[in-house]
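J.: The structure is given below, and queries will be raised subsequently.
The values are calculated or read from the model by the stated rules, or taken from the named source; none is laboratory data. These numbers come from a predicted model, not from an experiment. Note: ideal-geometry Cβ built from the backbone for every residue, glycine included; neighbour counts use all protein chains shown. Each accessible area value is taken on the protein alone, full model and side chains, heavy atoms only, with ligands, DNA and RNA left out. Shrake-Rupley method; radii C 1.70, N 1.55, O 1.52, S 1.80 Å.
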Amino acid sequence: MMNNINIFIVDDHFMVIEGIRSILQDEENINWLGHSMSASSCMDFLEKYRPDVILMDISLPDESGIDLCRKVKKQYPRIKILGLSTYNQQSVIRDMLKNGASGYLLKNASKEELTDAIASVMNGESYLCMEAAESLQNTETSNPIITKREKEVLSLICDGFTNPEIAERLFISLPTANTHRKSLLQKFGAKNVASLVKMAVEAKAFQ
């Protein structure tokens, strides 16, 4: 691996951040610059510091990682971005790559896979974990995998409920309801709620 690679992570789950930091902390050639838990704090950080590689989550509390990726690459084209997510849907992976990401990893990646991905993008190569590569190679339309809670939120969205109403009905916080809605939009590759409802009905997502 190349010397002195400055790493930064954007993720809204502190346990994920700490887990990745612990994986990389013993790597002699990697410098841990820090982390952000939102898109806005990431952009604030980049005004002062320039990481070589950003490990970027897809679902953030204030903005999609896909949109953040586009913004970062537009303003700081030399920064390499690795999408880091639990999502393995074609639309999400393609959108990240289209917006400038150099690679895509799932959050269950091993230490070896993570360091290989960092080395690859620093060498000007692209990197896709096996699951992401297989997803892109699959030309058949596949329905996104959604959790039981996401299915409940999706059902209420289709019934016309707002995020505050969904939060109240499911006894969850408003930020959590917002996150579920963003997650569903990303998983289905929908641009808005109307498209999401249509796609969910066509995919029979409630069954």
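J.: Identify which of the listed values of Cα extents along the principal axes in Å was calculated from the structure shown: [x] 54, 36, 30; [y] 46, 37, 30; [z] 58, 33, 28.
T.: Among [x] 54, 36, 30; [y] 46, 37, 30; [z] 58, 33, 28, the one calculated here is [x].
J.: Scan around Ser36 for amide H atoms under 5 Å from its own, H built in the peptide plane at 1.01 Å from N, and keep only partners 5 or more places away or cross-chain.
T.: Ile9, Val10, Asp11
J.: Does a label point 7 Å from the Cα of Val201, set along Cα-to-beta-carbon, have any residues of the range 158-185 with amide nitrogen under 16 Å, and which are they?
T.: 158-161
J.: Given a 1.4 Å probe and every protein chain left where it sits, what share in percent of the accessible area of the chain is carbon and sulfur?
T.: 49
J.: What is the sum of charges, Lys and Arg at +1 and Asp and Glu at -1, for the other residues whose Cβ falls under 13 Å from the Cβ of Ala200?
T.: Here the charged neighbours net out to +1.
J.: Measure nothing but the geometry: give the 0 to 90° angle between the long axis through the Cα atoms of 111-122 and the longest principal axis through the Cα atoms of the chain, rounded to 10°.
T.: The angle comes out at about 70 degrees.
J.: Work through the residues other than Leu33 whose Cβ is under 12 Å from its Cβ and net out their charges, Lys, Arg +1 and Asp, Glu -1.
T.: Details: positive: Arg21, Lys48, Arg50; negative: Asp52.
Net of charged neighbours comes to +2.
J.: Rounded if a/c is under 1.5, else prolate if a/b beats b/c, else oblate: with a ≥ b ≥ c from the C-alpha gyration tensor eigenvalues square-rooted, which is the range 16-95?
T.: oblate
J.: Please tell me the relative contact order of the chain in percent, rounded to the nearest whole number, where contacts are Cα pairs under 8 Å and at least six residues apart. Mind showing how you got there, number by number?
T.: Details: 296 pairs, mean separation 32.9, N = 207.
Computed value for the chain: 16 percent relative contact order.
J.: Also, quick follow-up: Long-range amide H contacts for Ser59: which residues qualify at under 5 Å (H placed 1.01 Å from N, peptide plane, sequence gap of 5 or more or a different chain)?
T.: It is Gly65, by chain and number.
J.: Of all DSSP beta bridges in the range 51-172, what percent run antiparallel (nearest 5)?
T.: Counting DSSP beta bridges with both partners in the range 51-172, the antiparallel share is about 10 percent.
J.: Looking at Ile54, Asn163, Asn31, which one has the Cα that reaches farthest to the positive end of the dipole of the chain (charges on Cβ: Lys, Arg +1; Asp, Glu -1)?
T.: Asn163
J.: Between the range 1-65 and the range 156-191, what's the alpha-carbon centroid distance in Å?
T.: Using only Cα atoms, the two centres lie 27 Å from each other.
J.: Local charge sum around Ile5 (other residues, Cβ-Cβ under 10 Å, Lys/Arg +1, Asp/Glu -1)?
T.: With Lys, Arg at +1 and Asp, Glu at -1, the neighbours total -1.
J.: Right, here's the next one. Could you provide, to the nearest whole Å², the per residue accessible area of the range 19-68 with probe 1.4 Å?
T.: Heavy-atom accessible area per residue stands at 46 Å².
J.: Taking the simple approach of a point 7 Å from Cα along Cα-to-Cβ for both Thr147 and Asp62, what is their distance in nm?
T.: Going by the 7 Å Cα→Cβ label model, 2.3 nm.
J.: Just the accessible area for Glu165, please: 1.4 Å probe, Å², rounded to the nearest 10?
T.: 80
J.: Please determine, in degrees from 0 to 90 and to the nearest 10, the orientation of helix 148-158 with respect to the longest principal axis defined by the Cα atoms of the chain, where the helix direction is its Cα long axis.
T.: Value to nearest ten degrees: 60.
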